[in-house]
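So the structure is just underneath, and the comments pick up after that.
The values are calculated or read from the model by the stated rules, or taken from the named source; none is laboratory data. Please read these numbers as outputs of a predicted model, since none were measured by experiment. With ideal geometry, Cβ positions are generated from the backbone for all residues, glycine too; neighbour counts draw on all protein chains shown. These accessible areas exclude ligands, DNA and RNA; they are computed on the full protein's heavy atoms, side chains included. Shrake-Rupley method; radii C 1.70, N 1.55, O 1.52, S 1.80 Å.
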Amino acid sequence: MHEFDLIARLKPLLPSNDFVVAGAGDDCAVLDLGDLGHHTLLKTDAVVEGIHFTRDADPERVGHKAIARCLSDVAAMAGQPIAAVVTLALPPGHDAGWCEALYRGLCRTAARHQVAIVGGETTTNPDRVLVNVAMVGRVPRGRAIRRSGARIGDALFVSGELGGSIAGRHLEFEPRLAEARWLASSVDVHAMIDVSDGLAGDLRHLLAASGGLGAEIRAVSLPISRTARERERTGDLAKPALLAALTDGEDFELLFAVAPSDAVRVLDGWKTMFPEVRLSCIGRITADPAVILCANTGIKPMPRGGYEHFHGTP
Ligand SMILES: [Mg+2]
């Protein structure tokens with residue numbers, strides 16, 4: 001069963017209560033715990049050996065990734081991360097030095113973002129390492145940026161570069177916390193999500209959450225990473241660079257929608273604040289629920305995911 005089908009089946013079973021502002025279905029849950037100035041964000045995420053990292057990966061970088069994934073989700077709500085707990089599931093007899101290195105990477109990234117590690121759990125798992133991080137953050141009350149607020153005509157932006165992260169960036173990415181909080185304080189961001197499953201997939205999540213809107217994406221505006229281009233050129237990559245940018249996962253960049261009248265202000269301000277991080281306006285939100293890719297060779301439907309073939313080169 002596909003991950004999202006499973007989530008759809010489980011979601012109706014979830015109990016709620018008066019503290020819940022937003023439950024499952026966004027980058028973080030939003031809770032009202034009575035803090036008059038803030039809402040609380042809650043997130044959990046796991047990395048599994050053989051899925052999110054290989055056995056020979058540098059454990060410090062695995063630790064970084066394990067916590068940075070949660071940080072990226074807090075960023076996607078324009079939040080401030082505060083504290084985390086870590087669950088480590090290890091095969092029997094696993095090397096203690098490896099775990100120490102994992103924690104060094106994890107704690108270094110946590111400290112860099114002023115996140116406290118306040119506990120955890122260690123357990124066994126037959127043949128693979130699993131690292132779970134659960135995180136609490138906060139956001140000014142009522143100011144969490146949801147996936148659901150995109151409006152027809154909005155300009156769509158994406159930070160950084162997309163595609164080919166499997167070559168190494170998936171272990172090294174920097175969560176866009178400062179960028180997201182700057183955005184939230186400078187402009188009315190209608191909707192935001194972090195790109196973890198690939199732009200094509202995460203854009204669809206944002207559009208579905210926003211009431212079934214569509215989008216037009218300009219192929220020429222997509223920030224295709226140099227890695228994806230090089231891997232296409234040298235034949236290392238099974239798919240063209242454009243398809244990699246649309247469907248590769250684990251970019252952990254921000255995808256967001258703002259009113260078209262704010263687009264220039266966002267671009268100019270971003271360039272001043274974060275000159276080292278690219279920001280691209282990649283298209284716009286449409287009333288027509290289709291998601292289409294506009295290239296100079298014509299218009300085609302956006303590919304759905306990494307396993308689908310994309311016919312022709314746009
Ligand atoms: Mg996310």
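Note the full-extension length gain between residue 44 and residue 220 as 0.36 nm times their separation in residues minus their Cα-Cα distance, in nm to one decimal. Please list the in-between numbers first.
On the way: separation 176, 0.36 × 176 = 63.36 nm, distance 3.54 nm.
That pair, residue 44 and residue 220, stretches by 59.8 nm at full extension.
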Sequence neighbours fewer than 8 away in the same chain don't count; with that in mind, list the aspartates and glutamates whose C-alpha is under 20 Å from residue 300.
-> 202, 216, 248, 288, 308
Heavy-atom accessible surface of the chain: percent carbon and sulfur, 1.4 Å | 54 percent
Summing -39500 (n - 2.57) over the DSSP H runs of n ≥ 4 in the chain and dividing by its residue number, what mean residue ellipticity at 222 nm do you reach, to the nearest 500 deg cm²/dmol?
-> -8500 deg cm²/dmol
Comparing 267, 246, 199, which has the greatest mean-square fluctuation in the GNM of the chain with Cα pairs linked when under 10 Å apart?
-> 267
Under a 1.4 Å probe, what is the accessible area of the chain per residue, stated in Å²?
-> 47 Å²
Separation of the range 229-303 and the range 10-68 by C-alpha centroid, Å?
-> 25 Å
From the backbone phi of the range 123-129, what are the Karplus-calculated ³J(HN,Hα) couplings (6.51 cos²θ - 1.76 cosθ + 1.60, θ = phi - 60°) in whole Hz, Gly and Pro given as x?
-> 9, 9, 9, x, 9, 9, 7
With the convex hull built on the Cα atoms of the range 45-172, state its orientation-averaged projected area in nm².
-> 9.4 nm²
Note, the range 37-43: 3J(HN,Hα) by Karplus (6.51, -1.76, 1.60, θ = phi - 60°), whole Hz, Gly/Pro = x, goes x, 9, 9, 9, 9, 9, 8
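Restricting to DSSP loop positions (anything but H, G, I, E, B) with no more than 14 other Cβ atoms inside 10 Å of their own Cβ, which chymotrypsin sites (Phe, Trp or Tyr not before Pro) remain in the range 242-310?
Of the chymotrypsin sites (Phe, Trp or Tyr not before Pro), the ones in loops of the range 242-310 whose Cβ has at most 14 other Cβ atoms within 10 Å are 307.
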Between residue 224 and residues 5 or more places away or on another chain, the pairs with built amide H atoms under 5 Å apart involve 162
Please grab the % of Cα pairs in the chain that end up more than 23 Å from each other.
-> 58 percent
Which residue, 184, 76, 287, tops the fluctuation ranking in a GNM of the chain built on C-alpha contacts under 10 Å?
-> 287
Sorted by chain and then number, the residues having a modelled amide H within less than 5 Å of the amide H of residue 286, at least 5 places away or on another chain, are 153, 214, 215, 216
Mind listing the phi-derived Karplus ³J(HN,Hα) values for the range 154-164, rounded to whole Hz, using 6.51, -1.76 and 1.60 with θ = phi - 60°, and x for any glycine or proline?
-> 4, 7, 9, 10, 9, 8, x, 10, 10, x, x
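Output the relative contact order of the range 80-209, whole-number percent, from Cα pairs under 8 angstrom with separation of 6+ residues.
Normalised by residue count, the contact order of the range 80-209 is 31 percent.
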Scoring the chain by relative contact order with C-alpha pairs under 8 Å, at least six apart, yields a percentage of 20 percent
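Compute the relative contact order of the range 44-151 as a whole-number percentage, counting only Cα pairs closer than 8 Å that sit 6 or more residues apart in sequence.
43 percent
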